[in-house]
Each structure stands twice: as C-alpha cells, then as structure tokens.
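The values are calculated or read from the model by the stated rules, or taken from the named source; none is laboratory data. Source: prediction; values computed, not measured. Cβ coordinates were reconstructed from backbone atoms using ideal geometry, including for glycine residues, and neighbour counts include every protein chain displayed.
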Amino acid sequence: MLPLSRRATGPVHRILRDVDPAKAIDPLVGPAPDDAQWQALRRRAVRWSIGVAAVLALTKLVASLMSGSVSLLASLADSMADVAASSLALWSVSVAHRPADEEHRFGHGKAEALSSLVQAAFVGTSGVFVLYTGIARLLDPRPVEQTTLAIAVMVVSMLGSGLVVAIQARVLRQVRSIAIEADSLHYRGDLLANASVIVAIVLADHGGQTWADPVVGAAIAGYLFWSALGIVRGSIDLLMDRELSDEARARIEAIVEQDPDAEGVHDLRTRSLGQAAHVELHLELDGHMDLYRAHTITDRIGRAIVAAFPGSEVTIHTDPAGLPEDRLDDRIAEAEAEGG
C-alpha cells in the first residue's frame, strides 16, 4: 500500500443531512431539506389526529351508552386507542428530531419505531376487548337502540377520519415518519370499519339480524389485530437496520457510477433512521490521485446522494481502485452460497 500522501487509501468522508448548501462543492447539487419545516409538518399532522380522535371518542362514548351497540362500542375502543397512539406519536416525533448527543451519536430517529411498537400494543389490546365484548353479545343478543343516533355518529366519524387521513397523506408525501404512517393506517382502516358498523346497525334494526352487530364487532377486532401486526413488522425492520429497498440501493449505486471520476463502488450498506436514511459505501478512485482531489470527488458524490435522498446521512470510505481487501459484499455472497 502506497503512502497516504500519494494515494487515496481510505479516508472516511461523512456528509450530514444538515449540510449548508452554500458550501457545496458541486453547484448542481440542490439545497438541503429544511429540518425545522419537516418537524413542524410532522407535529401538525399528529396534533390534528389527536384532536379529531378525542372528539370522536367522546361522541362515540355518549352514543354507545345510549344505543347499546357493540359495533359502536368497538369503534369507540378504536378511537380511544387512536388518542393514546397519536399522543405517543407526538412524543416520539419530538424525540426523534433531537440532534445527536454524546450518548446517541446516530441521533434519536428510532424513537418512532419504539413508539410504534407501543402503538401496536394499544391497538392489539383494543382488539382483545372488542372481540371479548362481541362474543358475549353474540351469546346473549340484545337489540340495538337509538339506531339513527348511532348511524349519525358513524357518519361524523367517517368524516373526521377522512380529514385526518387527508392531512397525514399530504404530510407523508413530503416527509418520512413511521409513527405517522402507523397513525394513518389506523384512520384509513377506520373509514372501512365505520362503514361496516353502519351496515351492521341497519341489518340489526331493519332486518332483525341481531347477530350482525356482534359479528361486525368481531370483524373490526380482526382488523385491529392485522393492523397491529403490520406496525410491529415495520418497527422491527427499522430497529433491526433492515436495508433500504433494492430500488433505492440501485439508485445510490447509479449515482456513484455516473460520476466521471468514480471507478467503482462496493460494500454499500443502508438503513433507515426513522425520518431519513443512513448510507455507507466504499468508493473506488484512481490510486494515484492526491488526497485533496479524492476529498473533492467524495464530497461531490456524497452531496448528490443527499440530494436524491433528502435528509440522509452519507458516510463514504475511499479505496484505490483494484485494491485487494476483505469485502462485506464477498462475505455476504459466501454466506448465501453456503446457506443454499
């Protein structure tokens, strides 16, 4: 291996997501995202969901006591879970935005994944309660009272859920947040669940099908369980540092390979930080290149990746092209070959 003064033999270049665009070496790379604006969008979306869920929960509580509908009671349990889950989401969104500190040098982005696991527990517990109540009512059928009131509450609930979904969808088009995604999943399902409640109440009231109300309540419980499972899977993927999609990895490799000075890329590793991504790779450059030029090229490529993946953190290790070394890519390929 030649001296560092003559070759780019392994400097590690890290580009933070809060880089100053005015200092960019490559003028073609756009400005960095505004984290403060992103955070304001996240908080606004979660606060809207808390407010709407709280109003709906109170409304459903009064209506369920007056009507005696199990389906309405099931929807009430879901709204109460939404209030708790959205409150936790607000906390996690705030924590996740905290900058890196002495004890958390990778930041606090995974706070959202932890809160999502708790959200899943809330949703699953609500499902158990609804299922238990539905079975009890199926074994001991009771007529549904105040059906007009119950249906009116469901219509209002659907309007409220639709409003929250629209606000969250708009925010998620601009920012990445697993906590808000989990919240949005609840409300999207609420739209379908509330429509099912209306059908069950109508069947029980006009068709004499008293079994419909508890059966639909049980179906809502199944939806809650399924939603909780989806949240758990997404949270575990984040906590276990699952790689970004194949499409995202291919895009990163293409960005590197399109640079005229890059001679190769290997050992690409990616992971989600909750609100953004962390990208780490080995960049192959001409081994006779001086260190300052290698730094300039590395900085240019890193900023191009940040521009393509706003908010990301990029760490690049430079290697002389063709240098034999122990590579992560090779170890993974060997492990996969041995595993069949």
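Suppose the filter is surrounded by 15 or more Cβ atoms within 10 Å (Cβ to Cβ), at pLDDT below 95 and either of a type in the set (S, T, N, Q) or touching a Leu at 6+ places or on another chain (Cβ under 7 Å) (or both); does G274 pass it?
Values: surrounded by 15 or more Cβ atoms within 10 Å (Cβ to Cβ): yes; at pLDDT below 95: yes; either of a type in the set (S, T, N, Q) or touching a Leu at 6+ places or on another chain (Cβ under 7 Å) (or both): yes.
So G274 fits the description; yes.
The residues listed here are A307, A335; of these, the one that is in contact with a Gly (Cβ under 7 Å, 6 or more places away or on another chain), closer than 25 Å to S245 by Cα and part of a helix (DSSP H, G or I) is A307. Exactly one residue out of A248, A218 is more than 14 Å from L283 (Cβ to Cβ), aliphatic (A, V, I, L, M), more than 14 Å from the chain's Cα centre (by Cα) and outside the structural domain of H108 (by TED's automatic domain parsing), and it is A248. Residue pairs whose Cβ atoms lie under 6 Å apart, sitting 6 or more positions apart in sequence or on different chains, and linking a residue in the stretch 290-307 that is under 15 Å from E257 (Cα atoms) to a partner that is among the charged types (D, E, K, R), are I297/D261; R300/D26; I301/D259; R303/D26. Within the option set R170, R142, R176, R137, being of a type outside the set (D, E), surrounded by fewer than 16 Cβ atoms within 10 Å (Cβ to Cβ), modelled with pLDDT under 75 and in the same structural domain as L41 (by TED's automatic domain parsing) holds for one residue only, R142. Between D319, D329, the distinction of being modelled with pLDDT under 90 and not aromatic (F, W, Y) belongs to D329 only. Just one of the listed residues (A32, A84, A74) is farther than 26 Å from V202 by Cα, in a helix (DSSP H, G or I) and modelled with pLDDT under 80, namely A84. Evaluating A335 against the criteria (1) under 30 Å from A89 (Cα atoms); (2) out of contact with any helix residue (DSSP H, G or I) (no Cβ under 9 Å at 6 or more places or on another chain); (3) without any contact (Cβ under 8 Å) to a residue 40 or more places away in the chain leaves one unmet condition, (1).
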